[in-house]
1. If you average the alpha carbon positions of the range 173-188 and of the range 3-66, how far apart do those two centres end up, in angstrom?
2. With the Cα gyration tensor of the range 154-206 giving a ≥ b ≥ c as the square roots of its eigenvalues, does the rule (a/c under 1.5 for rounded; else a/b larger than b/c for prolate; else oblate) give rounded, prolate or oblate?
3. Glu31 accessible area, nearest 10 Å², 1.4 Å probe?
4. If you count, for each residue, the other Cβ atoms within 10 Å and average over each peptide, how do 66-73, 196-203, 14-21 line up from highest to lowest?
5. Which whole-number value in Å² is the accessible area per residue of the chain, probe 1.4 Å?
6. Output the relative contact order of the chain, whole-number percent, from Cα pairs under 8 angstrom with separation of 6+ residues.
7. Would you rank Met1, Met180, Met195 by solvent-accessible area, highest first, keeping every protein chain in place and using a 1.4 Å probe?
8. Which of rounded, prolate, oblate describes the range 106-153, given a ≥ b ≥ c as roots of the alpha-carbon gyration tensor eigenvalues and a/c under 1.5 marking rounded, otherwise prolate only if a/b is larger than b/c?
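The values are calculated or read from the model by the stated rules, or taken from the named source; none is laboratory data. From a predicted model like this one, the values you see are computed outputs, not experimental measurements. For neighbour counting, all protein chains shown are included, and Cβ atoms are generated from backbone atoms with ideal geometry for every residue, glycine included. Accessible surface areas use protein heavy atoms only, side chains included; no ligands, DNA or RNA. Shrake-Rupley method; radii C 1.70, N 1.55, O 1.52, S 1.80 Å.
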Amino acid sequence: MKARWFFDPISPYAYLHLQQFGRLPPTLEIECVPILFAGLLKHWGHKGPAEIAPKRAYTYQQVVWLARHLGIPLRLPPRHPFNPLPLLRLLAAAGPTRTQVVGTFDLIWREGHDAEDPETLGELARRLDIGNPEAVLADERVKRKLHDNTAAAIAAGIFGVPTFAIGDRLFWGQDSLPMMLDFLRDPGLFDSDEMRRAACIPVGTTRRGT
């Protein structure tokens, strides 16, 4: 079975998700797809957790707790949110392999480097083995690839990162692994009457001004 993992290194939850891939069946073929989280936010018209002041503080503290709870090494970067575009373009240029993705997340969320520091980008280019980072970042083909990845994610109905896509089934968030594992064990998971009803339950009311 094949799965596509849509991610943006701006997300600490994506880092925590990635660190739990050892729970997945070794036969699952995973394609890592870098996308721009801000592009999803713009398309769907909602804010990221760091853009809501009380949610921002809660998010970082929850991430610290989750990492400790899960036994995952974590060192927050010196500032967040940061501009992830350079990281994403380098990743898009590289492919990337799962090992390269792990190295990228480790740089920011395990080692705590500043994602916008030129030295960090230089180190990432070295880890990705892609040569001159300045040339890669200016390459229109690389920019287009990242744009196309994000557009494909939106077309698939993806609204946040991290998200796994297995066929037309989406599993969003680092806490979605148990449901995904159930689906891998039982592909008929979503075929029950209540699951079908949940997918199309009518809207009761809408918030004014939307």
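1. 17 Å
2. oblate
3. Only protein atoms counted, so the area is about 90 Å².
4. Per-residue mean Cβ counts within 10 Å order the peptides as 14-21, 66-73, 196-203.
5. Per-residue accessible area for the chain comes out at 56 Å².
6. 28 percent
7. Result of the area sort, largest leading: Met1, Met195, Met180.
8. oblate
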